[in-house]
């Protein structure tokens, strides 16, 4: 065999090896993609709405996003408790704005309770879109508490960034619930660090909802009693917000005022028409912090 024939054979051998190597890599990639899809763990980017949620009625959305200033002032702190607690932590920001991280789950009755004041307070700083109605688990304490879900909801604000994570639906799956949003490693690290002693009591470590207000304040659990909302429809709760002496308004609006005071600390008291209110200023003094 000539050197020329031997060289041609070697080149054909190398091309054959390269072809099979490429085929193997492509096959591996396809296998990994299919395996990932087969895991069946939906995230916020995979599903825009929760399987148990529906669009919140316009009347309810209006009731929680356009609360009159007179109602806020008449209620003040109301029956709110477990107020935002000041912490010393690195600033939590995004795009040059303070960031609020909410970690909860749709099955959780305490999360269901807390979403009412969260929506009410955040609506004073920005705008919700596609707000969805949902409820807590029918198999947990305070069953079927009517509420919203933050999954699939968007929020825009010139003052802050709101990052909600709903980790599970309210749909049972074995001894747990079907997964929904997957926290990032950073978000999970924040929960592991600050939803634990010494920032919260050892007995309530890991409780949800967990809310990190820009690294300056945290809330673990609900800020008023879930029993207040029991056996009430979504419309019942929304309508009761205007009754400033009633238990629902005293709980949800009072808590919204406390959350507003914490948020104003993050935004350097902007917008002024919200944060310069003497009642909010007084609540800021009760919260302490930076």
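Quick notes on this one:
- If you plug the beta carbon distance of residue 54 and residue 243 into 1/(1 + (r/R0)^6) with R0 = 22 Å, you get a FRET efficiency near 0.25.
- In region 54-287, the DSSP beta bridges split such that about 80 percent are antiparallel, to the nearest 5.
- Extension reserve of the residue 184-residue 196 stretch, reckoned as 0.36 nm per residue once the Cα distance is removed: 2.5 nm
- Working from the Cα coordinates of region 121-209, the gyration tensor eigenvalues give, after taking √(5λ), semi-axes of 23, 21, 13 Å in decreasing order.
- Length added when fully stretched, residue 232-residue 138, from 0.36 nm per residue minus Cα-Cα: 32.5 nm
- Square roots of five times the Cα gyration tensor eigenvalues for region 54-287, Å: 24, 22, 17
- Using C-alpha pairs under 8 Å with a sequence gap of at least 6, the mean separation divided by the residue count of region 54-287 gives a relative contact order of 31 percent.
- Cα centroid separation - region 209-235 against region 66-134, whole Å: 8
- With each label modelled as a point 7 angstrom along the Cα→C-beta vector, the residue 70-residue 171 pair spans 4.5 nm.
- Point-to-point label distance, residue 91-residue 207, nm (Cα→Cβ direction, 7 Å offset): 3.0
- Two-site label geometry, residue 154 and residue 82: point separation in nm, points 7 Å out along Cα→Cβ: 3.2
- Going from the fewest other Cβ atoms within 10 Å to the most, the residues 62, 85 appear in the order 62, 85.
Since every read-out is calculated from the coordinates, none of them should be taken as a lab result. Computed from a prediction, not measured in an experiment: that's the story for all the values here. Methodologically, a virtual Cβ is constructed for each residue, glycine included, from the backbone with ideal geometry; neighbour enumeration extends over all protein chains shown.
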